[in-house]
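Asker: Take a look at the following structure, please.
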Amino acid sequence: MLRVTVRVAGVVLMPALLGAITITTTPGPAVVLGSGMSLVDSALLAGGLNPTGTITFELFNPGSVLIDTETVSVNGNGTYSTPTGFAPPGVGALTGTYEWTAAYSGDSNNSAASSPFGDEPEVVSPASPNLSTTPGAGVMPGGVLSDSAVLSGGYNPTGTITFQLFNPGSALVDTEIVSVSGNGTYSTPTGFVSTSPGAYQWQASYSGDGGNLAVGTPLGEEPEVVTPEPGSLAIAGLGLIVGLALWTKRGPHCGMNRQSSVPPRRDRGAPSS
């Protein structure tokens, strides 16, 4: 503790004490967008002589732009925190490393003190949305194959969802893109007109944006089957059954020329040889 004596013309007017005050700061934990958490800071004031005055907290975004200022009154040594903290805005470049600074104003008995810029980083991480998909119910040739996806858990998501369709031979046959504006359900804008039977596969992927990670569905989890028309199958099956029945009744040589075992007919009255 430093004693300061003020003299005027050799006469002591007043003694004053300046506390050797220190400020130690602790930023809040990392914040994930969409978690509802705010960026916060706290400062431990110690070594002061009945300190009064204020502590001012300032927050700078990843571009070093001042975006938040909060001030608290000091009443003695102790821990002081940001009154409200800073909630990331709904849109914009939000993720990255933010920086807090804290400054004690000082008073008549205590000197000012502050934390240097760069000593109090607090990281904001992107949200991790989910993407669940539901393919169409299946169609016959000529029907439209479709897909839908539910995006959830995103932080005011923007960007796009891309739907891709692969035919039974695993060749890409359709790509459709929709714009995203918030969490919700998104569907293929037009769908794909099927041309041949078999199991097709859909795949959906969300692009992500400045506040949300990208996410997609693996290939093989969204089958949509194109089945032949029932009428054509029934006719073919009936023809096969009839054919088998005739083969069984007449034998394997049905319809082929064979020599008859019945003797040839003789005309009545013809002399016998």
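Asker: Quick query: amide H of Asn212 versus all other amide H atoms, modeled in the peptide plane; which residues come in under 5 Å with a sequence gap of 5 or more or a different chain?
Answerer: Under 5 Å from the amide H of Asn212 lie the amide H atoms of Ala127, each far enough along the sequence or on another chain.
Asker: So what J values fall out for segment 133-142 if you push phi through Karplus, 6.51 cos²θ - 1.76 cosθ + 1.60 with θ = phi - 60°, rounded to Hz, Gly and Pro as x?
Answerer: Using θ = phi - 60°, the values come out as 10, 9, x, x, 7, x, 9, 9, x, x Hz.
Asker: Using the number of other C-beta atoms within 10 angstrom as an exposure proxy, rank Ser146, Ser205 with the fewest first. Could the numbers behind the result be given before it?
Answerer: Working: Ser146 21, Ser205 16.
If I rank by nearby Cβ atoms, fewest first, I get Ser205, Ser146.
Asker: Cα-based Rg of segment 130-226 per 2.2 N^0.38 Å, rounded to two decimals? Present the calculation step by step, with values, prior to reporting the outcome.
Answerer: Details: Rg = 13.4 Å, N = 97, 2.2 N^0.38 = 12.5 Å.
My calculation over the Cα atoms of segment 130-226 gives 1.07.
Asker: Here is a further query. If you take the beta carbon distance between Thr162 and Ala30 as r and set R0 to 30 Å, what does 1/(1 + (r/R0)^6) give as a FRET efficiency, to the nearest 0.05? Please list the in-between numbers first.
Answerer: Numbers: r = 30 Å, r/R0 = 1.01.
Calculated transfer efficiency: 0.50.
Asker: Mind running the shape call on segment 83-176? Use the C-alpha gyration tensor, a ≥ b ≥ c as the square roots of the eigenvalues: rounded below 1.5 for a/c, prolate if a/b tops b/c, oblate otherwise.
Answerer: Numbers: a/c = 6.62, a/b = 4.43, b/c = 1.49.
Here segment 83-176 falls in the prolate category.
All of the numbers you see were taken from the coordinates with simple rules; none came from a lab. Just so it is clear, the model here is predicted, and its values are computed rather than measured. Cβ atoms come from the backbone with ideal geometry, glycine included; neighbour counts cover every protein chain shown.
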